[in-house]
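Input: a single structure, listed below in structure tokens.
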Amino acid sequence: MSRLKELRTPIFWAEGHPGKLNRESWVIEVSGLCANPRTFTWPEFIALPKSIADARLTSVTRFSVQGRWGGVKVADLLDAVQADSGSRYVRFWSYRMIYDTTIPIEVALRERTLLAYEFDGESLEEDYGGPVRGFCPYLWGYKSAKSVVKVEVTDDCISGFWKQQGYPDEALIRAGKVCDMNQSGRLRPIPDGEVIRFLDE
Ligand SMILES: Nc1nc2c(c(=O)[nH]1)N[C@H]1C(S)=C(S)[C@@H](COP(=O)(O)O)O[C@H]1N2
Ligand SMILES: [Mo]
């Protein structure tokens, strides 16, 4: 059983579970405002520098899970396509192009924002957004699109997937209590912003 499953991490698929996905034939389009738009095959993608972010995915629905997320920094990906400096947003599209979400480029360029394909050294399974998902620990989990097929550099802030209407677009993590999945779902207080420490630590 995968580590995420062992921790009983909730599985969200607002648009419906995608079913079995083929890692080896997965392609990721990186386009929009950049000098060198590219579609990466899976071998090309995993040949990009690998980074590990020890960080938490925290959902507005009140759970938080920590692990070593492994993948490609969005900053490195945008470097590879020579994203136009001065671009304002990055938009992520999930498999079948139904779910999409947009984040400010300065958040996308931060150290721990990844296109993640591993959790605690294991390949991400479909349930949790495999083969590869957005991972942005600085914002609520709905900004971490699963099973990403396209990354777009843009100047437009377009509201994401319609189901998310009602959740604020800036998605800043707010103080409150969340279930810590690393501690069997224990309800714990968090401060505003990225969850690095709980207030009861
Ligand atoms: N494609 C897709 N990505 C998605 C979602 C979704 O419904 N569909 N849910 C989001 C929400 S609300 C959260 S909290 C996280 C949950 O990730 P998990 O299902 O791996 O726990 O994925 C985000 N990415
Ligand atoms: Mo969420």
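So here's what we get for this one:
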{"item": "Subset of the range 53-73 [more than 10 Å from ligand 1 (Cβ to nearest atom) and within 15 Å of K146 (Cβ to Cβ)]", "result": "W69, G71"}
{"item": "I11 within 16 Å of ligand 1 (Cβ to nearest atom), under 20 Å from R68 (Cα atoms), outside any helix (DSSP H, G or I) and within 18 Å of the chain's Cα centre (by Cα)", "result": "yes"}
{"item": "Some residue of the range 179-191 being open to solvent by 40 Å² or more (accessible area, probe 1.4 Å), over 15 Å from F12 (Cβ atoms) and of a type in the set (D, E)", "result": "no"}
{"item": "Residue match in the range 81-96 (condition: among the hydroxyl-bearing types (S, T, Y) and closer than 25 Å to Q66 by Cβ)", "result": "yes"}
{"item": "Yes/no for E125 being of a type in the set (D, E), touching a residue at least 12 places away in the same chain (Cβ under 8 Å), farther than 12 Å from A53 by Cα and more than 16 Å from ligand 2 (Cβ to nearest atom)", "result": "yes"}
{"item": "Options A80, A35, A47: the member that is buried (at least 17 other Cβ atoms within 10 Å of the Cβ), more than 18 Å from the chain's Cα centre (by Cα) and on the phi < 0 side of the Ramachandran plot", "result": "A80"}
{"item": "Check on G166, open to solvent by less than 20 Å² (accessible area, probe 1.4 Å), more than 19 Å from K50 (Cα to Cα), within 13 Å of ligand 1 (Cβ to nearest atom) and part of a loop (DSSP other than H, G, I, E, B)", "result": "no"}
{"item": "Flag if I98 is within 13 Å of ligand 1 (Cβ to nearest atom), hydrophobic (A, V, I, L, M, F, W, C) and surrounded by fewer than 18 Cβ atoms within 10 Å (Cβ to Cβ)", "result": "yes"}
{"item": "Residue in the range 57-72 that is more than 30 Å from P189 (Cβ to Cβ) and under 16 Å from the mean Cα position of the chain (by Cα) present", "result": "yes"}
{"item": "Qualifying residue in the range 34-52 (condition: within 27 Å of D156 (Cα to Cα), aliphatic (A, V, I, L, M) and either modelled with pLDDT under 95 or in a strand (DSSP E or B) (or both))", "result": "no"}
{"item": "Among residues of the range 141-157, those that are closer than 22 Å to E194 by Cα and near ligand 1 (Cβ under 7 Å from one of its atoms), counted", "result": "5"}
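The values are calculated or read from the model by the stated rules, or taken from the named source; none is laboratory data. Predicted model, so just to flag it, every value in this text is computed and none were measured. A quick note on method: Cβ atoms are made from the backbone with ideal geometry, for glycine too, and the neighbour counts reach across all protein chains shown. Please note that ligands, DNA and RNA were not included when accessible areas were found on the heavy atoms of the full protein model with its side chains. Shrake-Rupley method; radii C 1.70, N 1.55, O 1.52, S 1.80 Å.
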